[in-house]
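Peer 1: Encoded as C-alpha cells, here's the structure I'll be asking about.
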Amino acid sequence: MDTDVIVIGAGLAGLQCARRLQSRGHDVTVLEAGDAVGGRVRTDLIDGFRCDRGFQVLNPAYPAVREWIDVSALKMQKFGVGAVVNTAEGTSTLAHPLRHPDRALATLRSKHVPVSDVLALIRWIGPALLREPRAGKTAPHDQMLSTSLDRAGLTGRLRRDLLDTFLAGVLADSSGGKSAHYVRQLVRWFALGVPGLPQSGMQALPEQMFGSLTDPVRLNTPARKLKETADGVEVTTDNEVFRSRLVVVAVGPQHVAELTDQPSPKTHGLTTWWFRASEPLEAGKFLMLDAAGDGGGPAGPVWNTAVISEAAPSYAPSGEHLVQATTLLDRPDGLAEESAVKRDLARLYRTSTTDWEVITHHVVPHTLPAQPPPLIERRQQRIGDHTLLAGDHRDTGSIQGALVSGDRAARSATEFLARG
C-alpha cells in the first residue's frame, strides 16, 4: 500500500481527519481538487480587500473550535452582539444588554422586543442554554423551525423583525423548514460566544489546520474514481493511482455522488456581494437586517448586510469601507443583478450607492446541508468495507459539524487500522 489512509478533500472535515490520523502515527495522503485548502472556507484578496466566499463568521463558542483550534493565533475581530433592524419606520439597534450595557435601555424599550416575545424566546431556547447538547443518532420530538417557534408562542415583532430574517441568513434557508433542534444548537452557541473574523480572513482557519500537517496536501489533484479492492482502495486522479487501506471521502456535498454510491445531500445556498463604499456608514459593528417587507422580512433582495471594515478593519485597506450584502438562492430574487442590490443597499443605508464599486460577487449554491427534522446528529460514516464519508452533512451544518465529522472519521479509521 502507498499509504494507510487517503483523505479526499481538504476542507475542514478532511483537514481535521488528517490531523487526527497523523497525530496517531498513521501515514495519510490528502488529495484536494482546488488550488488551496479550505473547501467552502476560502478568502479572496483583491486590491487589499479580504472577501470571504460567502459571508461567514467564526464562533469561538463552538466546542470543536475551543478544543482543536488556536483561536488566539487567528487574532479575531469581533462583531457587535445584536443587529440593526430596518423597517419602514426607520432603523433601530438591538444589542445584547450584558455585552453592550450602553444600549441596554434602548433595546429593552424597543418596539421590536415586546415582553411576550421575550418570554416566548426564553421558553424556546432556555433548555438548550442550560445544558450542553448531547450527540445522539436522532433528536427526539424534533419539529420544523417555524412550527417550533409557533408552538412556543414566539409570533410577534421580535420574530418577525429580527429572528426570522437573521436565522434565514445564517441557515441560507428562508423556508423555516430546518430542524428546530439544530437551530437551537446554533442559537445556543451564538448566545454563548461572540462571532468574529480572523485578521487574515476566514481562510486562516483551514490554513492553521493545514500548517499542523506533517505531509503536504496534494493540491490541484481531483479524485476521478474510487474503487475498493480486496485489501483496500484505489483512487485514480488525472495523473496517478493512489492505494491505501482506507479512504475518507470528505468532498463537498455536491460531489458525494460522483465518488460514492451515496446520493448527494440536498443543500441551501446564498450569494454574497462585496462593495467598496465611497463614504463611512453608520451601522457600526452590527449586522443589518431588513424587516421593511409586508408582514416582516426584506422588502428587497438583501437579507443581511454589514460594514465589514468596521468590525474587521484588516478586511480593507486603511481608510476604505467594505460592505457585504447577502441574498438567498431559495428566493426569486436570490440572483438579483448588481443594480438591484445597490438600489436595495441605498434604501437600507439611506445613502447613495451610485459610486459604490463591486469588488467581487460569490454565488455559493451549496452553503449548508438542508437538515430537516428529525435531526440525525451522527449519520453513519462507513459506506463500504474500506470507505468512510465525512463532512458537515454527516453531522450538523456548521464549522462545528465539519470539524466533529472529520474527527469522528479519523477515530473510526484508527480503530479499523488497529484491527489489521
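The values are calculated or read from the model by the stated rules, or taken from the named source; none is laboratory data. Note that the structure is a prediction, hence the values are computed from the model and not measured. Cβ atoms come from the backbone with ideal geometry, glycine included; neighbour counts cover every protein chain shown.
Peer 1: Anything in segment 379-420 that is outside any helix (DSSP H, G or I) and among the acidic types (Asp, Glu)? List them, or say none. If you could, list the steps in order and put the result at the bottom.
Peer 2: Pass one, segment 379-420, residues outside any helix (DSSP H, G or I): 379-391, 395-398, 419-420.
Listed by number, the residues that qualify are Asp385, Asp395.
Peer 1: Something else about it: Conditions: (1) part of a helix (DSSP H, G or I); (2) in the same structural domain as Ala299 (by TED's automatic domain parsing). Ala336 meets all but one. Number of the miss?
Peer 2: (1)
Peer 1: With the structure loaded, tell me whether Ser200 is surrounded by 16 or more Cβ atoms within 10 Å (Cβ to Cβ), of a type in the set (S, T, N, Q) and under 17 Å from the mean Cα position of the chain (by Cα) or whether it fails that test. It would help to see each step written out before you state the result.
Peer 2: Working: surrounded by 16 or more Cβ atoms within 10 Å (Cβ to Cβ): yes; of a type in the set (S, T, N, Q): yes; under 17 Å from the mean Cα position of the chain (by Cα): no.
No, not satisfied.
Peer 1: Report the residue count in segment 91-115 for those that are surrounded by fewer than 14 Cβ atoms within 10 Å (Cβ to Cβ) and either more than 16 Å from Phe286 (Cα to Cα) or hydroxyl-bearing (Ser, Thr, Tyr) (or both).
Peer 2: Qualifying residue count, segment 91-115: 6.
Peer 1: Residues that are of a type in the set (Asp, Glu), closer than 21 Å to Glu377 by Cβ and either modelled with pLDDT of 95 or more or not assigned by TED's automatic domain parsing to the domain that holds Gly296 (or both): does segment 115-132 have at least one?
Peer 2: Restricting attention to segment 115-132, the residues satisfying the condition of being of a type in the set (Asp, Glu) are 117, 132.
From what is left, the residues that are closer than 21 Å to Glu377 by Cβ are 132.
This time we only want the ones that are either modelled with pLDDT of 95 or more or not assigned by TED's automatic domain parsing to the domain that holds Gly296 (or both), so: none.
Within segment 115-132, not a single residue is of a type in the set (Asp, Glu), closer than 21 Å to Glu377 by Cβ and either modelled with pLDDT of 95 or more or not assigned by TED's automatic domain parsing to the domain that holds Gly296 (or both).
Peer 1: Could you check, for segment 83-90, whether at least one of its residues is touching a residue at least 60 places away in the same chain (Cβ under 8 Å), of a type in the set (Val, Ile, Thr), part of a strand (DSSP E or B) and in contact with a strand residue (DSSP E or B) (Cβ under 8 Å, 6 or more places away or on another chain)? Before the answer, list the steps.
Peer 2: Let us first name the residues in segment 83-90 that are touching a residue at least 60 places away in the same chain (Cβ under 8 Å), namely 83-88.
Among the residues that remain, those that are also of a type in the set (Val, Ile, Thr) are: 84-85, 87.
Checking which are part of a strand (DSSP E or B) leaves us with 84-85, 87.
Within this subset, residues satisfying the condition of being in contact with a strand residue (DSSP E or B) (Cβ under 8 Å, 6 or more places away or on another chain) are 84-85.
Looking for residues that are touching a residue at least 60 places away in the same chain (Cβ under 8 Å), of a type in the set (Val, Ile, Thr), part of a strand (DSSP E or B) and in contact with a strand residue (DSSP E or B) (Cβ under 8 Å, 6 or more places away or on another chain), one finds at least one in segment 83-90, hence yes.
Peer 1: Can you tell me which of (1) of a type in the set (A, V, I, L, M, F, W, C); (2) within 17 Å of Asp164 (Cα to Cα); (3) assigned to a helix (DSSP H, G or I) is the one Ala257 doesn't meet?
Peer 2: It fails just one condition, (2).
Peer 1: Here is a further query. Of the residues Thr360, Thr351, only one is surrounded by fewer than 22 Cβ atoms within 10 Å (Cβ to Cβ), in a loop (DSSP other than H, G, I, E, B), at pLDDT 95 or above and not aromatic (Phe, Trp, Tyr); which? Break it down into steps so the answer makes sense when it comes.
Peer 2: Numbers: Thr360 fails: in a loop (DSSP other than H, G, I, E, B).
From the options Thr360, Thr351, the qualifying one is Thr351.
Peer 1: Go through segment 248-300 and give me each residue that's of a type in the set (S, T, N, Q), over 30 Å from Arg224 (Cβ atoms) and surrounded by fewer than 20 Cβ atoms within 10 Å (Cβ to Cβ). Don't jump to the end; show me each part of the working.
Peer 2: Filtering segment 248-300 down to residues of a type in the set (S, T, N, Q) leaves 254, 260, 262, 264, 267, 271-272, 278.
Applying the additional criterion that residues be over 30 Å from Arg224 (Cβ atoms) yields 272, 278.
Answer for segment 248-300, where residues must be of a type in the set (S, T, N, Q), over 30 Å from Arg224 (Cβ atoms) and surrounded by fewer than 20 Cβ atoms within 10 Å (Cβ to Cβ): just Ser278.
This table checks each residue for (1) buried (at least 20 other Cβ atoms within 10 Å of the Cβ); (2) over 26 Å from Gly300 (Cβ atoms); (3) among the hydrophobic types (A, V, I, L, M, F, W, C); (4) in contact with a helix residue (DSSP H, G or I) (Cβ under 7 Å, 6 or more places away or on another chain).
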| position | (1), (2), (3), (4) |
| --- | --- |
| Gly126 | no, yes, no, no |
| Gln143 | no, yes, no, yes |
| Arg159 | yes, no, no, yes |
| Thr165 | yes, no, no, no |
| Asp173 | yes, no, no, no |
| Gly176 | no, no, no, yes |
| Arg184 | yes, yes, no, yes |
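Peer 1: Turning to a different aspect of this structure: Checking Lys178 against (1) at pLDDT below 95; (2) basic (Lys, Arg); (3) under 25 Å from the mean Cα position of the chain (by Cα): exactly one of these is not met. Which one?
Peer 2: Tallying (1) at pLDDT below 95; (2) basic (Lys, Arg); (3) under 25 Å from the mean Cα position of the chain (by Cα), Lys178 fails exactly one: (1).
Table: residues versus (1) at pLDDT below 95; (2) in the same structural domain as Trp189 (by TED's automatic domain parsing); (3) within 14 Å of the chain's Cα centre (by Cα).
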position: Glu32; (1), (2), (3): no, no, no
position: Ala36; (1), (2), (3): no, no, no
position: Gly54; (1), (2), (3): no, yes, yes
position: Leu58; (1), (2), (3): no, yes, yes
position: Tyr62; (1), (2), (3): no, yes, yes
position: Leu74; (1), (2), (3): no, yes, no
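Peer 1: Still on this structure, I have one more. Among what's in segment 98-118 and is more than 28 Å from Arg151 (Cβ to Cβ) and touching a residue at least 12 places away in the same chain (Cβ under 8 Å), pick the residue that is farthest from the chain's Cα centre (by Cα).
Peer 2: Among those that are more than 28 Å from Arg151 (Cβ to Cβ) and touching a residue at least 12 places away in the same chain (Cβ under 8 Å), it is Ala106.
Peer 1: Among the residues of segment 260-274, which ones are of a type in the set (S, T, N, Q) and touching a His at 6+ places or on another chain (Cβ under 6 Å)?
Peer 2: Within segment 260-274, the subset of a type in the set (S, T, N, Q) is 260, 262, 264, 267, 271-272.
The answer is Thr267, Thr272.
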